[in-house]
Amino acid sequence: MEAALHQNKTFDTIDYSDQKLSDNEFVNCEFINCNFSKSDFSYIDFLDCTFKNCNLSLSVLRNTGLKNIKFIGCKLMGLDFSASNSFLFSMSFQDCLLDYSTFIYKKLKKTNFIDCSLKDVDFSNTDLSLSVFKNCDLANATFQDCILEKTDFRSSRNYTFDPAENKIKRTKVSHTALAGLLEKFDLDIE
């Protein structure tokens, strides 16, 4: 793809796998059924874009601008979001597969994760305050030194975090998940 500014465009069923897509800017664009697996998005800016049913697994996000991005039904396995540009970083996820991805040191305040698989995701040092995890699987996800204030985990499952190592004021959890919050104490809870 040639370097350019793309505005108000729809990209449908295009295979960009294993390609370098540098020096592009996408504003208010929609990507539908596209394959971006193992692509290099370094130094690209996306603003107000939507990705539907796309595969971005193992893509490179070095200094990539992700500003008000919606991912719907996407495969986003093994992405290092922590390498992306932090300026105006904002996303939402619905029906996405985010297993093995990393968000270390990112500000994800008020982010929605709806019906997502987040297995083995690393949220260390992430601000997730006021975020919502609705019906998500968080098996083996890492929450260390996170801001989880007013974060809603109530309908999700398999999450564990140490209340002493995270800021958890007014965090919403279900009573069935309390065992995961006490895991470090090695208690027999019945």
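The values are calculated or read from the model by the stated rules, or taken from the named source; none is laboratory data. Because the structure is predicted, anything quoted here is derived from the model rather than measured. Note: ideal-geometry Cβ built from the backbone for every residue, glycine included; neighbour counts use all protein chains shown.
Table: residues versus (1) out of contact with any Pro (no Cβ under 6 Å at 6 or more places or on another chain); (2) under 17 Å from V121 (Cβ atoms); (3) among the aromatic types (F, W, Y); (4) surrounded by 20 or more Cβ atoms within 10 Å (Cβ to Cβ).
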| position | (1), (2), (3), (4) |
| --- | --- |
| D15 | yes, no, no, no |
| F26 | yes, no, yes, yes |
| F31 | yes, no, yes, yes |
| S59 | yes, yes, no, yes |
| I72 | yes, no, no, no |
| G78 | yes, yes, no, no |
| L88 | yes, no, no, no |
| F93 | yes, yes, yes, yes |
| D99 | yes, yes, no, yes |
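State all residues of segment 10-53 that are modelled with pLDDT of 95 or more, at negative phi and either in contact with a helix residue (DSSP H, G or I) (Cβ under 8 Å, 6 or more places away or on another chain) or of a type in the set (K, R) (or both); if no residue qualifies, say none.
K52
Output the number of residues of segment 128-177 satisfying the condition of being polar (S, T, N, Q) and in contact with a Cys (Cβ under 6 Å, 6 or more places away or on another chain).
Initial filter on segment 128-177 (polar (S, T, N, Q)): 129, 131, 135, 140, 142, 144, 151, 155-156, 158, 160, 166, 171, 174, 176.
After this cut, where a residue has to be in contact with a Cys (Cβ under 6 Å, 6 or more places away or on another chain) as well, the list is 156, 166.
Matching residues across segment 128-177 total 2.
Given the conditions (1) loosely packed, with under 15 Cβ neighbours inside 10 Å; (2) not in a helix (DSSP H, G or I), report the number of the one that T176 does not fulfil.
Result: T176 passes all but (2).
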